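Enquirer: Questions regarding the structure given below will be posed in turn.
The values are calculated or read from the model by the stated rules, or taken from the named source; none is laboratory data. Please read these numbers as outputs of a predicted model, since none were measured by experiment. Note that we place each Cβ from the backbone using ideal geometry, even for glycine, and neighbour counts take in every protein chain shown. When the accessible area is computed, the model is the full protein with side chains, heavy atoms only, and any ligands, DNA or RNA have been set aside. Shrake-Rupley method; radii C 1.70, N 1.55, O 1.52, S 1.80 Å.
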Amino acid sequence: MKTKTSPWAWVPTLYFAEGLPNAIVTGLSVVMYMQMGLTDTEVGLFTGWLALPWVIKPLWSPFIDLLKTKRWWVLAMQMLIGSALAGIAFSIPTAFWFQATMCLFFIIAFCSATHDVAADGFYMIELDNHNQAKYVGLRNTFYRLAIIFVNGILVSLAGVLQVVFRNQIKFSWALIFYGLAGLFLGMWLLHCRTMPKPADDAHTQRSMTEVANEIKTMFTTFFSKFKASETLCVMLFLLLYRFPEALLNTMTKTFILRPNSQGGLGLSPQEYGLANGTVGLIGLLLGGILGGYLVSRDGMKKWLWPMVCAITLPDVVYIYLSYSLNSDLFVVSSCLFVEQFGYGLGFTVLTLYMLFYSQGKFKTSHYSICTGISYLGLMLPGMVSGYMKDMLGYRTFFIIVMLCCTITFLVTAFLKIDPEFGKETLEEE
């Protein structure tokens, strides 16, 4: 066996630590800034910028091999993230809270993107192929639990603290981030003791010039897999497949929390945490599981268009909610479950096509580039979504989003997919 330390001692907490900062930056920051008085235009623009490190991650990830070990990078990033979370808590009550928290959120995003690369690399080095497959479900489960913890439990806890401390919003959020800092630094201390030190975890002997040449070759081969016209179609697909979801991602959070007088549903943070952070996420997980099963059984080509419909058509629930303003928690939770279930089902198409396109010598690096392009497709529309919503209002904005679903259909229509693809890929994985 390649591993001596039980993976149960470090895999669950490592991937909980990987999911935590991502959910904090992309989800918790939106709720906090909205409650602290930013408009939807400002929330969409500024939180959109925070996705940049995940977009450009492929540019620096190869250099992680040159310095120190994967274990060192994991522990260093966890310590920096914990310190930055404490910095956010300290900055919230100050007069320069916005500038300071944005800077620290960006540091967390950069460290989180680096942590992703190092943690996944450590996982592959420490575990043999059998154990990598054996524990992949465990790592994914704890990553998702981190998202539930942030978007469900922490948002609800912030609402409870605001009730207890009589609507002292800044004080309540400062307490949340002090708690997060303590939790993260605690996991850092835990991993210092529990993470093994594999002999294979050593920096490479390649020079900076060799790595730079390898990066150049990696990008050249990435864009020369197909003819120019086919490559253009693939790039547009990666960039625009989730275009409607990119517009919705931030604005649905503000829509649920804004009062009726501003066109929102007016749910409390506690209700939001239950509806979006738990019920909605369960729908997302079930949709992903079903999507993987269907593709592994019949191939991706057979289920391509049903899954494209699944990722787009359920967005209509927001049109219904914006016109009815029905804030009944069961109704809102049911709508979010339907929308997130469809998203989980349809996201299978994007994930598998990225695997398909990444096949070859630089499989890991090419997959990283695919995810970076996909993140860019989320980041750019997300930055203007708040401006669109403030200009149009929630009702018209959600109608425009539904019309934009045609973009998803168009970029998918030009893909060339092997009818057998999916069956063989999933079996190998």
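Enquirer: Collect the residues in segment 322-342 that are assigned to a helix (DSSP H, G or I), out of contact with any helix residue (DSSP H, G or I) (no Cβ under 6 Å at 6 or more places or on another chain), under 22 Å from residue 393 (Cβ atoms) and open to solvent by less than 50 Å² (accessible area, probe 1.4 Å), keeping them in residue-number order.
Expert: Within segment 322-342, 331 is the sole residue that qualifies.
Enquirer: Also, quick follow-up: I'm trying to understand the selection: among the residues of segment 184-198, which are open to solvent by 80 Å² or more (accessible area, probe 1.4 Å) and over 26 Å from the mean Cα position of the chain (by Cα)?
Expert: Matches in segment 184-198: 193, 197.
Enquirer: Sticking with this one: Quick one: what pairs do we get from segment 295-309, first residue at positive phi, second open to solvent by less than 50 Å² (accessible area, probe 1.4 Å), C-beta under 8 Å, 6+ apart or different chains?
Expert: 299/421; 299/422
Enquirer: State whether the residues of segment 226-243 include one that is touching a residue at least 12 places away in the same chain (Cβ under 8 Å), in contact with a Pro (Cβ under 8 Å, 6 or more places away or on another chain) and under 28 Å from residue 365 (Cα atoms).
Expert: yes
Per-residue answers, yes or no, for (1) over 25 Å from residue 61 (Cα atoms); (2) over 26 Å from the mean Cα position of the chain (by Cα):
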{"position": "171", "(1), (2)": "yes, yes"}
{"position": "176", "(1), (2)": "yes, no"}
{"position": "182", "(1), (2)": "yes, no"}
{"position": "200", "(1), (2)": "no, yes"}
{"position": "210", "(1), (2)": "no, yes"}
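Enquirer: Here's another thing I want to ask about it. Hey, residue 236 hits all of (1) over 19 Å from residue 346 (Cα atoms); (2) open to solvent by 70 Å² or more (accessible area, probe 1.4 Å); (3) in a helix (DSSP H, G or I) but one; which does it fall short on?
Expert: Of the numbered conditions (1) over 19 Å from residue 346 (Cα atoms); (2) open to solvent by 70 Å² or more (accessible area, probe 1.4 Å); (3) in a helix (DSSP H, G or I), the odd one out for residue 236 is (1).
Enquirer: Among the listed residues 226, 255, 222, identify the single one that is more than 25 Å from the chain's Cα centre (by Cα) and either among the small types (Gly, Ala, Ser) or on the phi < 0 side of the Ramachandran plot (or both).
Expert: Just a single option satisfies the conditions, and that option is 226.
Enquirer: Report yes if some residue within segment 163-170 is of a type outside the set (Gly, Ala, Ser), in a helix (DSSP H, G or I), open to solvent by 30 Å² or more (accessible area, probe 1.4 Å) and within 18 Å of residue 81 (Cα to Cα); otherwise report no.
Expert: No: zero hits.
Enquirer: Could you tell me whether residue 152 is under 23 Å from the mean Cα position of the chain (by Cα) and more than 24 Å from residue 90 (Cβ to Cβ)?
Expert: yes
Enquirer: Select from segment 382-404 the residues that are crowded, with 24+ Cβ neighbours inside 10 Å and under 14 Å from residue 242 (Cα atoms) and write down the one among them that is farthest from the chain's Cα centre (by Cα).
Expert: Of all residues in segment 382-404, those crowded, with 24+ Cβ neighbours inside 10 Å come to 382, 385-386, 389, 394, 397-398, 401.
Cutting the leftovers down to under 14 Å from residue 242 (Cα atoms) gives us 382, 385, 401.
Working: 382: 13, 385: 18, 401: 20 Å.
Selected residue: 401.
Enquirer: Further question: Just checking, which of 422, 360 is on the phi > 0 side of the Ramachandran plot, at pLDDT below 95 and surrounded by fewer than 19 Cβ atoms within 10 Å (Cβ to Cβ)?
Expert: Exactly one residue qualifies, and that residue is 360.
Enquirer: On to the next question. Suppose the filter is in contact with a Gly (Cβ under 6 Å, 6 or more places away or on another chain), over 30 Å from residue 8 (Cβ atoms) and either part of a helix (DSSP H, G or I) or open to solvent by less than 20 Å² (accessible area, probe 1.4 Å) (or both); does residue 213 pass it? Steps first, please.
Expert: On the way: in contact with a Gly (Cβ under 6 Å, 6 or more places away or on another chain): no; over 30 Å from residue 8 (Cβ atoms): yes; either part of a helix (DSSP H, G or I) or open to solvent by less than 20 Å² (accessible area, probe 1.4 Å) (or both): yes.
When the stated conditions are applied, residue 213 does not pass them.
Enquirer: State which residue pairs qualify: first residue closer than 9 Å to residue 312 by Cα and assigned to a helix (DSSP H, G or I) and inside segment 400-414, second residue open to solvent by less than 20 Å² (accessible area, probe 1.4 Å) and of a type in the set (Val, Ile, Thr) in any location, beta carbons under 6 Å apart, and separation of 6 or more residues or different chains.
Expert: Qualifying pairs under 6 Å: 405/312; 408/312.
Enquirer: Something else: Does segment 113-133 contain at least one residue that is assigned to a helix (DSSP H, G or I), open to solvent by less than 20 Å² (accessible area, probe 1.4 Å), among the hydrophobic types (A, V, I, L, M, F, W, C) and closer than 30 Å to residue 39 by Cα?
Expert: yes
Enquirer: If you don't mind, there's one more thing I want to ask. Given the conditions (1) touching a residue at least 12 places away in the same chain (Cβ under 8 Å); (2) open to solvent by 50 Å² or more (accessible area, probe 1.4 Å); (3) within 28 Å of the chain's Cα centre (by Cα), which single one is not true for residue 260?
Expert: (3)
Enquirer: Determine the pairs where a residue that is among the basic types (Lys, Arg), located within segment 376-389, has a partner that is part of a helix (DSSP H, G or I) with Cβ atoms under 6 Å apart, the partner being 6 or more residues away or on another chain.
Expert: Here the result reads 389/40; 389/251; 389/397, each pair linking segment 376-389 to a residue that is part of a helix (DSSP H, G or I).
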